[in-house]
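Undergrad: Supplied in structure tokens, the structure appears directly below.
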Ligand code: MSP
């Protein structure tokens with residue numbers, strides 16, 4: 001069985017922003033981890049191309065919506081290549097393959113008698129592509145997220161019988177493993193407890209959408225269409241493509257990783273739609289927090305949007321990955337601060353991990369003929385071996401529960417403690433006396449071995465840095481050895497050649 005992980009399908013009204021980079025990097029790291037653990041992974045990302053928001057964006061630019069979508073989705077793809085994102089499927093909701101899956105799905109829901117024609121009245125946010133609850137209570141009809149005026153709607157729409165699934169949804173959202181983190185679950189429990197209302201799944205004023213079969217002038221509501229992208233993606237690029245094949249190919253998703261603002265769609269509407277179509281529901285919906293910049297919400301009107309392309313060209317992808325993975329606890333909001341970013345990269349990666357590797361390989365080369373020491377006694381399982389074992393165990397537990405920040409901290413702490421071990425033992429003093437030679441060999445081997453394990457553990461988080469560490473240690477493994485096996489103590493070959501050290505990461509400069 002495959003492990004299926006998804007990012008949200010991003011709106012193509014604009015190029016990727018730091019929020020989309022964030023989710024995608026986290027998913028990429030989890031996908032890499034699962035592959036290393038031996039799972040077959042289907043990592044899905046893509047773009048949400050229909051709806052009024054996109055239609056208006058294209059109109060404003062004076063171009064055809066399809067042309068606009070082609071251009072922006074190309075930018076997304078190129079961005080993911082620049083960030084070295086290892087997705088398996090990239091779904092575009094304006095593709096023919098997707099449309100056929102939406103139609104198949106609609107027929108299933110129709111068969112369950114869950115579709116009817118009704119009148120939709122309410123205040124709509126085009127930015128969210130969502131009707132807002134009771135905005136008549138507020139004096140101004142503005143979207144609290146977009147700070148833009150809501151638009152009044154009164155039109156004939158097709159409705160989905162969400163209310164019919166009240167009981168099922170209550171049960172689903174009560175399962176503590178379904179919605180994470182648990183603080184977000186309460187919001188949804190509260191929403192569901194108020195009683196679910198049917199929601200409209202078609203529009204008559206939006207031409208840029210998938211036409212509803214057999215009903216003139218109606219296109220599918222963009223969310224109804226977009227959520228199905230997770231399903232249609234599975235059989236994309238396979239020899240044949242259909243809803244059935246997507247179901248057989250790996251559905252349900254193991255985890256939808258999304259931002260907290262779109263939790264309701266994923267944890268309430270989506271499961272009900274799937275049950276109606278006789279399909280399995282996703283195993284987990286994880287709502288991460290929002291990124292702010294220097295303590296302020298990022299927004300075009302505030303003029304403080306952090307351009308991810310600029311970050312990439314200035315600092316490179318791995319420093320940004322490390323900051324987003326290690327400094328933000330997945331689920332909480334996170335703040336991007338330039339000074340903190342530079343300090344963290346310099347302290348964690350350049351000083352702690354980089355220097356550990358550099359000074360230890362230099363010592364070993366100097367004292368042991370450019371090689372990893374040959375031990376005089378058999379390999380000892382002492383202090384550092386124990387520490388590495390404990391680190392690996394904790395790291396696996398954290399990664400398995402999507403606590404990537406804690407997994408990254410485990411690796412950093414191992415590097416800090418390995419540096420400490422070196423400083424406490426002072427091999428540079430011991431080596432002065434010939435009688436200590438065997439002892440120094442043991443110390444240096446242990447530190448190099450611990451550094452090897454640090455490098456391996458970094459593989460899903462910082463793939464480039466990890467492979468640089470592996471190269472600098474001249475690591476060689478038996479054929480076919482799996483990552484998890486490599487993590488065992490003692491895999492560094494004694495007496496093997498150590499290449500000349502060179503810095504694995506450059507220090508960053510702070511500027512305003
Ligand atoms: N198209 C829908 C998703 C459909 S999924 C079937 C959508 N797209 S979006 O492009 O507007 O948002 C994509 C994701 O970015 C959402 O998960 C949203 O929460 C997230 N973020 C938007 N701003 C963000 C930050 N400032 N920080 C972190 N994530 C943010 O919604």
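The values are calculated or read from the model by the stated rules, or taken from the named source; none is laboratory data. Here the structure is a predicted model, which is why all the values come from computation and not from measurement. With ideal geometry, Cβ positions are generated from the backbone for all residues, glycine too; neighbour counts draw on all protein chains shown.
Undergrad: Out of all the residues in segment 148-180, which are part of a loop (DSSP other than H, G, I, E, B) and surrounded by fewer than 17 Cβ atoms within 10 Å (Cβ to Cβ)? Break it down stepwise before answering.
TA: First, pick out the residues of segment 148-180 that are part of a loop (DSSP other than H, G, I, E, B): 148, 150, 161, 175-178.
Selection gives 148, 175, 176, 177.
Undergrad: Let me ask something else about it. Considering every residue within segment 187-194, establish whether at least one is more than 31 Å from the chain's Cα centre (by Cα) and surrounded by fewer than 20 Cβ atoms within 10 Å (Cβ to Cβ).
TA: So in segment 187-194, the residues more than 31 Å from the chain's Cα centre (by Cα) come out as 194.
Filter again for surrounded by fewer than 20 Cβ atoms within 10 Å (Cβ to Cβ), leaving 194.
Yes, some residue in segment 187-194 is more than 31 Å from the chain's Cα centre (by Cα) and surrounded by fewer than 20 Cβ atoms within 10 Å (Cβ to Cβ).
Undergrad: Moving on. With a cut-off of at least 1 residues that are within 30 Å of residue 177 (Cα to Cα), name the helices (runs of 4 or more DSSP H) lying wholly within segment 398-512. Step through it out loud before you land on a result.
TA: Working: elements: 404-425, 427-430, 437-457, 463-472, 483-486.
Answer list for segment 398-512: 404-425, 437-457, 463-472, 483-486.
Undergrad: Determine which member of the set 473, 498, 439, 462 is within 25 Å of residue 375 (Cβ to Cβ) and either surrounded by 23 or more Cβ atoms within 10 Å (Cβ to Cβ) or within 25 Å of the chain's Cα centre (by Cα) (or both). Walk me through it before giving the result.
TA: Numbers: 498 fails: either surrounded by 23 or more Cβ atoms within 10 Å (Cβ to Cβ) or within 25 Å of the chain's Cα centre (by Cα) (or both); 439 fails: either surrounded by 23 or more Cβ atoms within 10 Å (Cβ to Cβ) or within 25 Å of the chain's Cα centre (by Cα) (or both); 462 fails: within 25 Å of residue 375 (Cβ to Cβ).
Result of the check over 473, 498, 439, 462: 473.
Undergrad: Also: Kindly indicate which of 366, 390, 377 is assigned to a helix (DSSP H, G or I) and either within 34 Å of the chain's Cα centre (by Cα) or touching a residue at least 40 places away in the same chain (Cβ under 8 Å) (or both).
TA: On the way: 366 fails: either within 34 Å of the chain's Cα centre (by Cα) or touching a residue at least 40 places away in the same chain (Cβ under 8 Å) (or both); 377 fails: assigned to a helix (DSSP H, G or I).
Of 366, 390, 377, the one residue that is assigned to a helix (DSSP H, G or I) and either within 34 Å of the chain's Cα centre (by Cα) or touching a residue at least 40 places away in the same chain (Cβ under 8 Å) (or both) is 390.
Undergrad: Of all the residues that make up segment 195-215, how many are surrounded by 21 or more Cβ atoms within 10 Å (Cβ to Cβ) and without any contact (Cβ under 8 Å) to a residue 60 or more places away in the chain?
TA: The qualifying residues number 1.
Undergrad: Checking residue 290 against (1) in contact with a helix residue (DSSP H, G or I) (Cβ under 8 Å, 6 or more places away or on another chain); (2) closer than 20 Å to residue 178 by Cβ, which single condition isn't satisfied?
TA: (2)
Undergrad: If you go through segment 216-236 one residue at a time, do you hit one that is within 16 Å of the ligand (Cβ to nearest atom), more than 19 Å from residue 4 (Cβ to Cβ) and surrounded by fewer than 20 Cβ atoms within 10 Å (Cβ to Cβ)?
TA: No, segment 216-236 contains no residue that is within 16 Å of the ligand (Cβ to nearest atom), more than 19 Å from residue 4 (Cβ to Cβ) and surrounded by fewer than 20 Cβ atoms within 10 Å (Cβ to Cβ).
Undergrad: A follow-up question, please. Residues that are within 22 Å of residue 504 (Cα to Cα), within 14 Å of the ligand (Cβ to nearest atom) and at pLDDT below 95: find the strands (runs of 3 or more DSSP E) completely inside segment 244-352 holding 3 or more of those. Steps first, answer last, please.
TA: Working: elements: 255-259, 285-288, 291-293, 334-336.
Strands (runs of 3 or more DSSP E) meeting the threshold: none at all.
Undergrad: Right, here's the next one. Residue 103: in a helix (DSSP H, G or I), away from the ligand (no atom under 16 Å from the Cβ) and without any contact (Cβ under 8 Å) to a residue 40 or more places away in the chain, yes or no? So that I can check it myself, show each step before the final result.
TA: Numbers: in a helix (DSSP H, G or I): yes; away from the ligand (no atom under 16 Å from the Cβ): yes; without any contact (Cβ under 8 Å) to a residue 40 or more places away in the chain: no.
Answer is no for this residue.
Undergrad: Next up: Can you work out which of the residues in segment 106-115 that are assigned to a loop (DSSP other than H, G, I, E, B) and touching a helix residue (DSSP H, G or I) at 6+ places or on another chain (Cβ under 8 Å) is surrounded by the most Cβ atoms within 10 Å (Cβ to Cβ)?
TA: The initial filter retains those residues of segment 106-115 that are assigned to a loop (DSSP other than H, G, I, E, B), namely 112-114.
Right, trim to touching a helix residue (DSSP H, G or I) at 6+ places or on another chain (Cβ under 8 Å) and you get 112, 114.
On the way: 112: 13, 114: 21.
Here the residue is 114.
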